[in-house]
1. Return the only residue of Val3, Val30 being open to solvent by 60 Å² or more (accessible area, probe 1.4 Å), over 26 Å from Val94 (Cα atoms) and free of Cβ contacts under 8 Å to residues at least 40 places away in the same chain.
2. Do we have any residue at all in the range 35-58 that's surrounded by fewer than 10 Cβ atoms within 10 Å (Cβ to Cβ) and at pLDDT 90 or above?
3. Any idea which of Pro75, Pro110, Pro84 is at pLDDT 90 or above, exposed (fewer than 12 other Cβ atoms within 10 Å of the Cβ) and not in a helix (DSSP H, G or I)?
4. Please determine, by comparing only the residues of the range 16-27 that are among the hydrophobic types (A, V, I, L, M, F, W, C) and surrounded by 14 or more Cβ atoms within 10 Å (Cβ to Cβ), which one is farthest from His66 (Cα to Cα).
Amino acid sequence: YAVFLAPLSFGVAHLHHGLELRMRGFGLKVIVFSICFQFTYTTLFGAFVSYIFLRTGSLLAIILIHSFCNYMGFPDFQRIPQHPYALVVGALHVSGVVGFWYFFGILTKP
């Protein structure tokens, strides 16, 4: 059960951001969308880091991954077309995704 509950509890732990939006004056639609979006991606992230932990046994790896993701934030894909080097930025995003999928299994071998 812990494999399923840990990611869900990680997602629930981030629901307080809805209160922050409410205090900043956002409307209910924006708050509900934001909460659903954030709950979904933090739950998926929780499943991802749970898998990493089970595969590697490294708590330090999980801490570093979480710190990196908090520092970088969620990618703002809407701003890529307006970037002066949109083609380069877009290519870097694609190469990052491809590199992630290619090296994921290799770099997480126990």
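1. On the way: Val3 fails: free of Cβ contacts under 8 Å to residues at least 40 places away in the same chain.
Testing whether each residue is open to solvent by 60 Å² or more (accessible area, probe 1.4 Å), over 26 Å from Val94 (Cα atoms) and free of Cβ contacts under 8 Å to residues at least 40 places away in the same chain leaves just Val30.
2. Scanning the range 35-58 turns up at least one residue that is surrounded by fewer than 10 Cβ atoms within 10 Å (Cβ to Cβ) and at pLDDT 90 or above.
3. Values: Pro75 fails: at pLDDT 90 or above; Pro110 fails: at pLDDT 90 or above.
Checking each option against the conditions leaves just Pro84.
4. Applying the first criterion (among the hydrophobic types (A, V, I, L, M, F, W, C)) to the range 16-27 yields 19, 21, 23, 26.
Of the ones still in play, those that are also surrounded by 14 or more Cβ atoms within 10 Å (Cβ to Cβ) are 21, 26.
Working: Leu21: 22, Phe26: 27 Å.
Within the range 16-27, the match that is farthest from His66 (Cα to Cα) is Phe26.
The values are calculated or read from the model by the stated rules, or taken from the named source; none is laboratory data. A quick note: this is a predicted structure, and the numbers were derived from the prediction, not measured. No Cβ is skipped: glycine too gets one built from the backbone with ideal geometry, and neighbour counts run over all protein chains shown. In case anyone asks, the SASA skips ligands and DNA or RNA and just uses the protein heavy atoms, side chains included. Shrake-Rupley method; radii C 1.70, N 1.55, O 1.52, S 1.80 Å.
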